[in-house]
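See structure below.
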Amino acid sequence: MKPIDLRSDTVTLPTPEMRRAMAEAEVGDDVYGEDPTVNRLEARAAEILGFEAALFVPSGTMGNAIAIRILTARGDEVLVERRSHVVRYELSGLSVLSGVMPRMVEAPGGHLTPDDVRAAAAPRAYYKSDVRLVALENTHNLGGGTVQGVEEVQAVVAAAREAGFRVHVDGARLWNASVALGVSPAALVRGVDAVMVCLSKGLCAPVGSLIAASRERIEEARRARKLLGGGMRQAGILAAAGLVALETMIPRLAEDHAHARQLGEALGRGRGVEVGPVHTNIVVASLEGRPAPAVVAALRERGVLASAMDARTLRLVTHRDVSREDCERAAAIVEELLA
Ligand SMILES: Cc1ncc(COP(=O)(O)O)c(C=O)c1O
(Lines give C-alpha, C1' and ligand atoms only; values in the text may rest on other atoms or scores of the structure.)
Protein backbone atom coordinates (compact mmCIF):
# COMPACT_ATOMS: atom_id res chain seq x y z
CA MET A 1 0.00 0.00 0.00
CA LYS A 2 1.19 3.54 -0.79
CA PRO A 3 2.55 5.24 2.35
CA ILE A 4 0.62 8.15 3.82
CA ASP A 5 3.04 10.99 3.28
CA LEU A 6 2.78 13.56 6.06
CA ARG A 7 6.37 14.83 5.79
CA SER A 8 5.47 18.10 4.09
CA ASP A 9 2.94 19.86 1.87
CA THR A 10 5.79 20.25 -0.64
CA VAL A 11 5.22 16.64 -1.73
CA THR A 12 1.88 17.56 -3.37
CA LEU A 13 1.54 16.74 -7.05
CA PRO A 14 0.13 19.06 -9.71
CA THR A 15 -3.58 18.50 -10.38
CA PRO A 16 -4.94 17.33 -13.77
CA GLU A 17 -6.20 20.90 -14.39
CA MET A 18 -2.68 22.22 -13.80
CA ARG A 19 -1.17 19.69 -16.19
CA ARG A 20 -3.69 20.69 -18.86
CA ALA A 21 -3.00 24.40 -18.31
CA MET A 22 0.75 23.73 -18.54
CA ALA A 23 0.39 21.82 -21.81
CA GLU A 24 -1.68 24.58 -23.35
CA ALA A 25 0.13 27.61 -21.87
CA GLU A 26 0.84 30.54 -24.15
CA VAL A 27 4.54 31.33 -23.61
CA GLY A 28 7.31 33.72 -24.65
CA ASP A 29 10.74 34.81 -23.44
CA ASP A 30 10.22 36.10 -19.91
CA VAL A 31 13.71 37.62 -19.73
CA TYR A 32 12.39 39.96 -22.47
CA GLY A 33 9.18 40.38 -20.44
CA GLU A 34 7.31 38.60 -23.22
CA ASP A 35 5.75 35.60 -21.54
CA PRO A 36 2.02 36.42 -21.37
CA THR A 37 1.27 33.69 -18.85
CA VAL A 38 4.00 34.84 -16.44
CA ASN A 39 2.77 38.41 -16.86
CA ARG A 40 -0.77 37.33 -16.02
CA LEU A 41 0.36 35.38 -12.97
CA GLU A 42 2.41 38.30 -11.66
CA ALA A 43 -0.44 40.77 -12.19
CA ARG A 44 -2.93 38.47 -10.47
CA ALA A 45 -0.64 37.80 -7.51
CA ALA A 46 -0.01 41.53 -7.07
CA GLU A 47 -3.77 42.11 -7.07
CA ILE A 48 -4.50 39.34 -4.55
CA LEU A 49 -1.73 40.52 -2.23
CA GLY A 50 -2.56 44.23 -2.56
CA PHE A 51 0.74 45.40 -4.06
CA GLU A 52 1.66 47.30 -7.24
CA ALA A 53 3.68 44.47 -8.74
CA ALA A 54 4.94 40.93 -8.28
CA LEU A 55 7.76 38.78 -9.63
CA PHE A 56 7.70 35.04 -10.36
CA VAL A 57 10.72 33.23 -8.90
CA PRO A 58 11.73 29.56 -8.97
CA SER A 59 11.54 28.92 -5.22
CA GLY A 60 10.63 30.33 -1.86
CA THR A 61 14.28 30.29 -0.87
CA MET A 62 15.20 32.48 -3.82
CA GLY A 63 12.23 34.74 -3.12
CA ASN A 64 13.34 35.30 0.47
CA ALA A 65 16.96 35.84 -0.64
CA ILE A 66 15.93 38.46 -3.20
CA ALA A 67 13.58 40.27 -0.81
CA ILE A 68 16.27 40.42 1.89
CA ARG A 69 18.84 41.60 -0.63
CA ILE A 70 16.72 44.47 -1.94
CA LEU A 71 15.60 45.60 1.52
CA THR A 72 19.02 45.71 3.19
CA ALA A 73 22.57 46.97 2.68
CA ARG A 74 25.78 45.09 3.49
CA GLY A 75 26.52 45.10 7.20
CA ASP A 76 22.90 45.48 8.28
CA GLU A 77 21.16 43.11 10.66
CA VAL A 78 17.86 41.34 10.10
CA LEU A 79 15.62 40.78 13.12
CA VAL A 80 14.28 37.27 12.87
CA GLU A 81 12.79 34.58 15.07
CA ARG A 82 15.39 31.91 15.79
CA ARG A 83 13.42 29.03 14.22
CA SER A 84 12.56 30.92 11.04
CA HIS A 85 13.05 29.23 7.70
CA VAL A 86 15.44 31.96 6.50
CA VAL A 87 17.91 31.08 9.25
CA ARG A 88 17.26 27.36 9.69
CA TYR A 89 16.83 26.01 6.16
CA GLU A 90 18.29 28.47 3.67
CA LEU A 91 21.98 27.87 4.49
CA SER A 92 23.76 31.13 5.23
CA GLY A 93 21.94 32.91 2.42
CA LEU A 94 21.57 36.09 4.45
CA SER A 95 25.31 36.51 4.88
CA VAL A 96 26.47 34.99 1.59
CA LEU A 97 24.00 36.69 -0.73
CA SER A 98 23.24 39.95 1.09
CA GLY A 99 26.15 40.47 3.50
CA VAL A 100 23.80 40.83 6.45
CA MET A 101 23.63 39.20 9.88
CA PRO A 102 20.59 37.71 11.56
CA ARG A 103 19.68 39.06 14.99
CA MET A 104 17.78 36.12 16.38
CA VAL A 105 15.21 36.23 19.13
CA GLU A 106 12.95 33.55 20.50
CA ALA A 107 9.24 34.22 20.22
CA PRO A 108 6.28 32.01 21.21
CA GLY A 109 4.83 30.28 18.14
CA GLY A 110 7.60 31.90 16.10
CA HIS A 111 5.91 35.28 15.89
CA LEU A 112 7.87 38.43 16.67
CA THR A 113 6.12 41.06 18.77
CA PRO A 114 6.29 44.88 18.84
CA ASP A 115 8.42 44.54 22.01
CA ASP A 116 10.95 42.41 20.12
CA VAL A 117 11.11 45.16 17.50
CA ARG A 118 11.48 47.94 20.08
CA ALA A 119 14.20 45.98 21.89
CA ALA A 120 16.13 45.71 18.63
CA ALA A 121 15.89 49.44 18.05
CA ALA A 122 17.68 50.84 21.04
CA PRO A 123 20.18 51.97 22.05
CA ARG A 124 22.17 52.77 18.95
CA ALA A 125 25.92 53.24 19.04
CA TYR A 126 28.53 53.85 16.36
CA TYR A 127 30.19 50.49 17.10
CA LYS A 128 26.99 48.45 16.82
CA SER A 129 25.49 47.29 13.57
CA ASP A 130 21.91 48.40 12.95
CA VAL A 131 18.86 46.32 12.33
CA ARG A 132 17.37 47.40 8.99
CA LEU A 133 14.81 44.70 8.38
CA VAL A 134 12.28 42.66 10.33
CA ALA A 135 11.55 39.28 8.74
CA LEU A 136 8.25 37.67 9.76
CA GLU A 137 7.04 34.19 8.83
CA ASN A 138 3.29 33.57 8.53
CA THR A 139 2.35 30.82 9.03
CA HIS A 140 5.42 29.86 11.02
CA ASN A 141 6.67 26.48 9.91
CA LEU A 142 8.74 25.32 12.90
CA GLY A 143 6.40 27.14 15.26
CA GLY A 144 3.85 24.52 14.13
CA GLY A 145 2.00 26.28 11.29
CA THR A 146 1.02 29.01 13.73
CA VAL A 147 -0.84 32.05 12.49
CA GLN A 148 -0.04 35.68 13.22
CA GLY A 149 -3.28 37.68 13.08
CA VAL A 150 -3.93 40.94 11.25
CA GLU A 151 -3.74 43.10 14.37
CA GLU A 152 -0.53 41.46 15.58
CA VAL A 153 1.12 41.96 12.21
CA GLN A 154 -0.06 45.58 12.12
CA ALA A 155 1.39 46.19 15.59
CA VAL A 156 4.77 44.82 14.48
CA VAL A 157 4.67 46.91 11.30
CA ALA A 158 3.87 50.05 13.34
CA ALA A 159 6.75 49.35 15.74
CA ALA A 160 9.06 48.69 12.80
CA ARG A 161 8.07 51.97 11.13
CA GLU A 162 8.71 53.85 14.36
CA ALA A 163 12.16 52.29 14.59
CA GLY A 164 12.91 52.96 10.91
CA PHE A 165 12.96 49.25 10.01
CA ARG A 166 11.58 47.65 6.89
CA VAL A 167 9.41 44.52 7.01
CA HIS A 168 9.48 41.37 4.90
CA VAL A 169 7.01 38.52 5.29
CA ASP A 170 7.98 34.96 4.43
CA GLY A 171 4.49 33.96 3.42
CA ALA A 172 5.30 30.52 2.03
CA ARG A 173 2.01 29.52 3.69
CA LEU A 174 0.29 32.91 3.88
CA TRP A 175 -2.68 31.25 2.16
CA ASN A 176 -3.11 28.90 5.11
CA ALA A 177 -3.06 31.85 7.51
CA SER A 178 -5.66 33.67 5.45
CA VAL A 179 -7.99 30.65 5.32
CA ALA A 180 -7.56 29.90 9.04
CA LEU A 181 -8.39 33.49 10.00
CA GLY A 182 -11.05 34.09 7.35
CA VAL A 183 -9.29 37.25 6.15
CA SER A 184 -7.84 38.16 2.77
CA PRO A 185 -4.15 37.47 2.11
CA ALA A 186 -3.77 41.22 1.44
CA ALA A 187 -5.00 42.06 4.95
CA LEU A 188 -2.14 40.01 6.42
CA VAL A 189 0.58 41.93 4.56
CA ARG A 190 -0.84 45.45 4.53
CA GLY A 191 1.91 48.01 5.00
CA VAL A 192 4.88 45.62 4.72
CA ASP A 193 7.66 46.26 2.21
CA ALA A 194 7.71 42.84 0.56
CA VAL A 195 6.08 39.45 0.84
CA MET A 196 7.10 36.10 -0.59
CA VAL A 197 4.41 33.49 -1.24
CA CYS A 198 4.72 29.89 -2.48
CA LEU A 199 2.57 28.16 -5.08
CA SER A 200 4.33 24.83 -4.64
CA LYS A 201 3.18 23.84 -1.15
CA GLY A 202 -0.46 23.44 -0.14
CA LEU A 203 -1.55 24.96 -3.46
CA CYS A 204 0.02 21.99 -5.32
CA ALA A 205 1.76 23.81 -8.20
CA PRO A 206 4.91 21.93 -9.22
CA VAL A 207 7.31 24.89 -8.99
CA GLY A 208 7.28 28.54 -8.13
CA SER A 209 6.94 31.40 -5.71
CA LEU A 210 6.28 35.12 -6.02
CA ILE A 211 7.55 38.28 -4.40
CA ALA A 212 5.12 41.20 -4.20
CA ALA A 213 6.15 44.79 -3.46
CA SER A 214 6.07 48.29 -4.98
CA ARG A 215 6.76 48.57 -8.72
CA GLU A 216 10.16 50.12 -8.02
CA ARG A 217 11.20 47.35 -5.62
CA ILE A 218 10.03 44.66 -8.03
CA GLU A 219 12.32 46.16 -10.70
CA GLU A 220 15.21 45.86 -8.22
CA ALA A 221 14.05 42.32 -7.44
CA ARG A 222 14.12 41.48 -11.17
CA ARG A 223 17.79 42.53 -11.31
CA ALA A 224 18.59 40.52 -8.18
CA ARG A 225 16.80 37.47 -9.62
CA LYS A 226 18.96 37.71 -12.75
CA LEU A 227 22.08 38.05 -10.64
CA LEU A 228 21.20 34.82 -8.86
CA GLY A 229 20.65 33.04 -12.18
CA GLY A 230 16.87 33.00 -11.78
CA GLY A 231 15.90 34.69 -15.07
CA MET A 232 13.71 32.06 -16.74
CA ARG A 233 12.72 31.93 -20.40
CA GLN A 234 9.42 30.22 -21.36
CA ALA A 235 8.43 30.08 -17.72
CA GLY A 236 4.76 30.40 -18.63
CA ILE A 237 4.62 26.60 -18.60
CA LEU A 238 5.14 26.83 -14.84
CA ALA A 239 3.17 30.04 -14.34
CA ALA A 240 0.13 28.36 -15.94
CA ALA A 241 0.02 25.87 -13.08
CA GLY A 242 0.57 28.76 -10.66
CA LEU A 243 -2.50 30.56 -11.99
CA VAL A 244 -4.64 27.46 -11.46
CA ALA A 245 -3.18 27.26 -7.94
CA LEU A 246 -4.07 30.88 -7.14
CA GLU A 247 -7.54 30.74 -8.64
CA THR A 248 -8.74 27.37 -7.40
CA MET A 249 -6.66 25.90 -4.61
CA ILE A 250 -6.82 28.36 -1.72
CA PRO A 251 -10.28 27.64 -0.17
CA ARG A 252 -9.67 23.88 -0.02
CA LEU A 253 -6.84 24.43 2.49
CA ALA A 254 -9.59 24.41 5.15
CA GLU A 255 -9.82 20.64 4.63
CA ASP A 256 -6.10 20.23 5.35
CA HIS A 257 -6.57 22.23 8.54
CA ALA A 258 -9.42 19.98 9.70
CA HIS A 259 -7.29 16.89 9.03
CA ALA A 260 -4.40 18.38 10.99
CA ARG A 261 -6.65 19.02 13.99
CA GLN A 262 -7.75 15.39 13.87
CA LEU A 263 -4.12 14.21 13.81
CA GLY A 264 -3.24 16.63 16.61
CA GLU A 265 -5.97 15.13 18.81
CA ALA A 266 -4.71 11.59 18.16
CA LEU A 267 -1.15 12.61 18.97
CA GLY A 268 -2.30 14.40 22.11
CA ARG A 269 -3.70 11.13 23.48
CA GLY A 270 -0.19 9.63 23.34
CA ARG A 271 1.85 9.12 26.52
CA GLY A 272 4.36 11.92 27.21
CA VAL A 273 3.34 13.76 24.06
CA GLU A 274 2.82 17.51 24.06
CA VAL A 275 1.13 18.85 20.97
CA GLY A 276 1.53 22.50 20.02
CA PRO A 277 -1.50 24.54 18.97
CA VAL A 278 -2.79 23.36 15.59
CA HIS A 279 -3.77 26.51 13.70
CA THR A 280 -3.37 25.26 10.14
CA ASN A 281 -1.95 22.19 8.36
CA ILE A 282 1.12 21.53 10.53
CA VAL A 283 1.18 19.49 13.72
CA VAL A 284 4.27 19.71 15.88
CA ALA A 285 4.58 17.49 18.93
CA SER A 286 7.34 17.17 21.48
CA LEU A 287 7.93 13.64 22.71
CA GLU A 288 9.15 12.90 26.17
CA GLY A 289 11.48 9.94 26.61
CA ARG A 290 11.25 8.82 22.98
CA PRO A 291 13.65 10.02 20.33
CA ALA A 292 11.69 11.54 17.44
CA PRO A 293 13.85 9.85 14.76
CA ALA A 294 12.97 6.44 16.26
CA VAL A 295 9.26 7.31 16.19
CA VAL A 296 9.63 8.44 12.57
CA ALA A 297 11.28 5.10 11.71
CA ALA A 298 8.54 3.13 13.49
CA LEU A 299 5.83 5.11 11.70
CA ARG A 300 7.53 4.49 8.37
CA GLU A 301 7.39 0.74 9.02
CA ARG A 302 3.65 1.13 9.56
CA GLY A 303 3.17 3.08 6.33
CA VAL A 304 3.13 6.66 7.67
CA LEU A 305 5.83 9.15 6.68
CA ALA A 306 6.56 11.94 9.19
CA SER A 307 9.55 14.19 10.01
CA ALA A 308 11.74 14.62 13.06
CA MET A 309 12.49 18.34 13.41
CA ASP A 310 15.06 17.59 16.11
CA ALA A 311 15.74 14.83 18.63
CA ARG A 312 12.41 15.34 20.42
CA THR A 313 10.12 16.99 17.94
CA LEU A 314 7.83 15.21 15.52
CA ARG A 315 6.11 17.05 12.65
CA LEU A 316 3.13 15.96 10.56
CA VAL A 317 1.85 18.07 7.67
CA THR A 318 -1.48 17.61 5.90
CA HIS A 319 -2.14 18.47 2.27
CA ARG A 320 -4.35 17.68 -0.73
CA ASP A 321 -2.69 14.35 -1.47
CA VAL A 322 -3.68 12.81 1.87
CA SER A 323 -7.40 12.16 2.10
CA ARG A 324 -9.64 12.21 5.14
CA GLU A 325 -9.44 8.39 5.24
CA ASP A 326 -5.63 8.54 5.05
CA CYS A 327 -5.58 10.95 7.98
CA GLU A 328 -7.96 8.79 10.00
CA ARG A 329 -5.75 5.76 9.37
CA ALA A 330 -2.59 7.73 10.20
CA ALA A 331 -4.21 9.04 13.40
CA ALA A 332 -5.06 5.48 14.51
CA ILE A 333 -1.50 4.29 13.77
CA VAL A 334 0.07 7.24 15.61
CA GLU A 335 -2.23 6.75 18.59
CA GLU A 336 -1.44 3.04 18.83
CA LEU A 337 2.30 3.60 18.50
CA LEU A 338 2.46 6.27 21.17
CA ALA A 339 0.00 4.69 23.61
C1 LIG B 1 8.32 29.03 5.77
C2 LIG B 1 9.06 28.65 4.52
N3 LIG B 1 9.70 29.60 3.86
C4 LIG B 1 10.39 29.33 2.73
C5 LIG B 1 10.44 28.07 2.22
C6 LIG B 1 11.28 27.79 1.00
O7 LIG B 1 10.56 27.40 -0.11
P8 LIG B 1 11.26 26.53 -1.26
O9 LIG B 1 11.29 25.14 -0.78
O10 LIG B 1 10.35 26.75 -2.44
O11 LIG B 1 12.62 27.10 -1.51
C12 LIG B 1 9.78 27.03 2.90
C13 LIG B 1 9.84 25.64 2.38
O14 LIG B 1 9.35 24.70 2.95
C15 LIG B 1 9.08 27.32 4.09
O16 LIG B 1 8.45 26.38 4.80
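The values are calculated or read from the model by the stated rules, or taken from the named source; none is laboratory data. Bear in mind that the values here come from a model prediction, so they are computed numbers and not experimental data. Neighbour counts run over all protein chains shown; Cβ positions are idealised from the backbone, glycine included.
Only one of the numbered conditions (1) under 25 Å from M62 (Cα atoms); (2) in contact with a helix residue (DSSP H, G or I) (Cβ under 8 Å, 6 or more places away or on another chain); (3) assigned to a helix (DSSP H, G or I) is violated by V169, and that is (3).
Within the set V195, V169, V156, the sole residue that is closer than 25 Å to A53 by Cα, at pLDDT 95 or above and away from the ligand (no atom under 12 Å from the Cβ) turns out to be V156.
Criterion applied to A53, A125 was being among the aliphatic types (A, V, I, L, M), surrounded by fewer than 18 Cβ atoms within 10 Å (Cβ to Cβ) and more than 16 Å from the ligand (Cβ to nearest atom), and the one residue passing it is A125. Any residue at all in the stretch 131-151 that's more than 16 Å from the ligand (Cβ to nearest atom), assigned to a loop (DSSP other than H, G, I, E, B) and modelled with pLDDT under 95? No: zero hits. Taken together, S8, S95, S84 contain a single residue that is away from the ligand (no atom under 15 Å from the Cβ), polar (S, T, N, Q) and either in contact with a strand residue (DSSP E or B) (Cβ under 7 Å, 6 or more places away or on another chain) or free of Cβ contacts under 8 Å to residues at least 60 places away in the same chain (or both), which is S95. So, L79, is that one more than 16 Å from the ligand (Cβ to nearest atom) and either closer than 18 Å to M196 by Cα or not hydrophobic (A, V, I, L, M, F, W, C) (or both) or not? So L79 passes the test.
Okay, residues lined up against (1) touching a Pro at 6+ places or on another chain (Cβ under 9 Å); (2) aliphatic (A, V, I, L, M); (3) on the phi > 0 side of the Ramachandran plot:
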position: E151; (1), (2), (3): no, no, no
position: A163; (1), (2), (3): no, yes, no
position: H168; (1), (2), (3): no, no, no
position: V179; (1), (2), (3): yes, yes, no
position: L188; (1), (2), (3): no, yes, no
position: M196; (1), (2), (3): no, yes, no
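If I filter the stretch 88-98 for residues that are within 29 Å of V57 (Cα to Cα), part of a helix (DSSP H, G or I) and in contact with a Pro (Cβ under 6 Å, 6 or more places away or on another chain), do I get at least one hit? Yes, because at least one residue in the stretch 88-98 is within 29 Å of V57 (Cα to Cα), part of a helix (DSSP H, G or I) and in contact with a Pro (Cβ under 6 Å, 6 or more places away or on another chain).
Just the residues that are modelled with pLDDT of 95 or more and surrounded by 21 or more Cβ atoms within 10 Å (Cβ to Cβ), please, taken from the stretch 315-329. Answer for the stretch 315-329, where residues must be modelled with pLDDT of 95 or more and surrounded by 21 or more Cβ atoms within 10 Å (Cβ to Cβ): R315, L316, V317, T318, H319, V322. Highlighted here are the strands (runs of 3 or more DSSP E) found entirely within the stretch 264-338 that include at least 3 residues which are in contact (Cβ under 8 Å) with a residue 40 or more places away in the chain: 282-287, 313-317. Here the stretch 172-192 is the region considered, the condition is being aliphatic (A, V, I, L, M) and either surrounded by fewer than 19 Cβ atoms within 10 Å (Cβ to Cβ) or within 21 Å of T37 (Cα to Cα) (or both), and the residue that is nearest to the ligand (Cβ to nearest atom) is L181. Restricting the stretch 56-76 to residues that are more than 16 Å from the ligand (Cβ to nearest atom) and in a loop (DSSP other than H, G, I, E, B) leaves a set whose member that is nearest to D170 (Cα to Cα) is T72.
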